[in-house]
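*Asks:* To start, I am sharing the structure in question, which I have written as structure tokens.
The values are calculated or read from the model by the stated rules, or taken from the named source; none is laboratory data. Keep in mind it's a predicted model, so treat the numbers as computed, not measured. Ideal geometry is used to build each Cβ from the backbone, glycine not excepted, and the neighbour counts take in all protein chains shown.
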Amino acid sequence: MVETSSIESKISVGRGELRQLLKELKKWSAPATVLLSLYIPPGRPLSDVMQLLRQEYSITDNIKLKRTRQAVKRALSAAMDRLQLISKVPPNGLVVFCGENMSNGDFLCIMLSPPDPVPVFYYRTDKRFITEFLEDMVEERDAVGIIIVERDQATIGLLKGARLDVLEELHGYVPGKHKMGGQSQRRFERIIEQLVEEFYKKVGERAARHFLPLLEKGILKGIILAGPGYAKIDFYKGGYLDYRLQKLVSKDMIDVAYQGDQGLKEVVMKASNVIQAQAYRESTEALEEFKLYLARSPGNVVYTRKEAEKAVTMGAVKTLLVHEEVEDLEKWRELCKSFGCKLVIIPSSLPEAKWFLETFEGIAGILRYKL
């Protein structure tokens, strides 16, 4: 008899493995709703899930087309067979994909426990596998927030890897020039400043709505403030951002002339040094340091899985470089936490990332001392 604990450990996947799996799942499609997707969150009793699947199986006789009916039954049977192999839902939950390619008869059935907790209980048969709940788990882990702010306009954006998105564009109402004098002028100016302050508060609230969830997940690494004139400085000094986000704001603020997508692109072009400092510099510099030691002092580096793991457990590794597509990324993350080395993830967007993955299997260590 196969021990259920060994099965449960084998179904856990890392982010790199999950990324490759999602690419394969997206290739599958069917002319009818025969592809099964099942998401089971942590703590959900397996008995409840099995009862649901048995109920679904019992009503498949209502499906008129014989070929479709047989394909759905096959998917449900395979899903139940997989679930019967384990005793309980793993700490991060379970995801099951089962289905038939009705054009050639190929069949796929996968059960996995993802690197992050499954957020919902979800069951569906469709013409495609439903993978949306797993997409966030394989996105770029580091992001930089961008806020372009003027007295009556603002753009909130996000840079993740090579992807640059407008999250929200805001507009306020602030009157322009006027010809009033005396007390009327001062009163009008106070009204204008109140309108500006209200708009800044709104920008800060919307920025918190977009950025705080990313900060809590450990994804947001910095924020860049940009815009024409002094508005960005007033916005920062006025403390309109949540204090947790205020700490992430770069000291280097960027002058740009535009809002929206064009403005964000201008920020990225002008703030390349800032963005590198907050998003890319760590991985780039670690890779350059590894290459330098490799060329001049190879005794200061390790670059096979066996040697790297041995060196980490000895406490000899100062910095461990791991490509983001390495299947057991979470294992290396835990090792670094346990033995006090700095983990640097090498994103696939770096120019030499492919070379690093293919030449060194995506793992290398820079040593504190020669072994």
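*Asks:* Tell me the helices (runs of 4 or more DSSP H) entirely within the range 289-371 that contain at least 1 residues that are outside the structural domain of residue 116 (by TED's automatic domain parsing) and closer than 22 Å to residue 143 by Cβ.
*Replies:* 329-339, 353-360
*Asks:* Same structure, new question: Test residue 93 against the criterion of being on the phi > 0 side of the Ramachandran plot and either at pLDDT below 95 or in the same structural domain as residue 125 (by TED's automatic domain parsing) (or both), and give yes or no.
*Replies:* Considered against the rule, which asks whether it is on the phi > 0 side of the Ramachandran plot and either at pLDDT below 95 or in the same structural domain as residue 125 (by TED's automatic domain parsing) (or both), residue 93 comes out as yes.
*Asks:* Now for a separate question. Please determine, by comparing only the residues of the range 351-371 that are modelled with pLDDT under 90 and closer than 24 Å to residue 314 by Cα, which one is surrounded by the most Cβ atoms within 10 Å (Cβ to Cβ).
*Replies:* Here the answer is 368.
*Asks:* Take the range 23-65 and flag every residue that is in a helix (DSSP H, G or I) and surrounded by 16 or more Cβ atoms within 10 Å (Cβ to Cβ).
*Replies:* 25, 49, 53, 56, 57, 60
*Asks:* Let me ask something additional. Can you tell me which residues in the range 218-245 are surrounded by fewer than 16 Cβ atoms within 10 Å (Cβ to Cβ) and within 16 Å of residue 159 (Cα to Cα)?
*Replies:* Of everything in the range 218-245, just one residue is surrounded by fewer than 16 Cβ atoms within 10 Å (Cβ to Cβ) and within 16 Å of residue 159 (Cα to Cα), namely 218.
*Asks:* Answer yes or no as to whether residue 286 is hydrophobic (A, V, I, L, M, F, W, C), touching a strand residue (DSSP E or B) at 6+ places or on another chain (Cβ under 8 Å), modelled with pLDDT of 90 or more and assigned to a helix (DSSP H, G or I).
*Replies:* When the stated conditions are applied, residue 286 does not pass them.
*Asks:* Which count do you get for residues in the range 329-350 that are hydrophobic (A, V, I, L, M, F, W, C) and surrounded by fewer than 17 Cβ atoms within 10 Å (Cβ to Cβ)?
*Replies:* Residues that pass the stated criteria total 1.
*Asks:* Moving on to the next point. Here are some conditions: (1) surrounded by fewer than 19 Cβ atoms within 10 Å (Cβ to Cβ); (2) within 23 Å of the chain's Cα centre (by Cα). Residue 294 meets all but one. Which one does it not meet?
*Replies:* Result: residue 294 passes all but (2).
*Asks:* Please verify whether residue 105 is closer than 22 Å to residue 23 by Cα and either among the basic types (Lys, Arg) or without any contact (Cβ under 8 Å) to a residue 12 or more places away in the chain (or both), treating the condition exactly as stated.
*Replies:* Spelling it out, residue 105 is indeed closer than 22 Å to residue 23 by Cα and either among the basic types (Lys, Arg) or without any contact (Cβ under 8 Å) to a residue 12 or more places away in the chain (or both).
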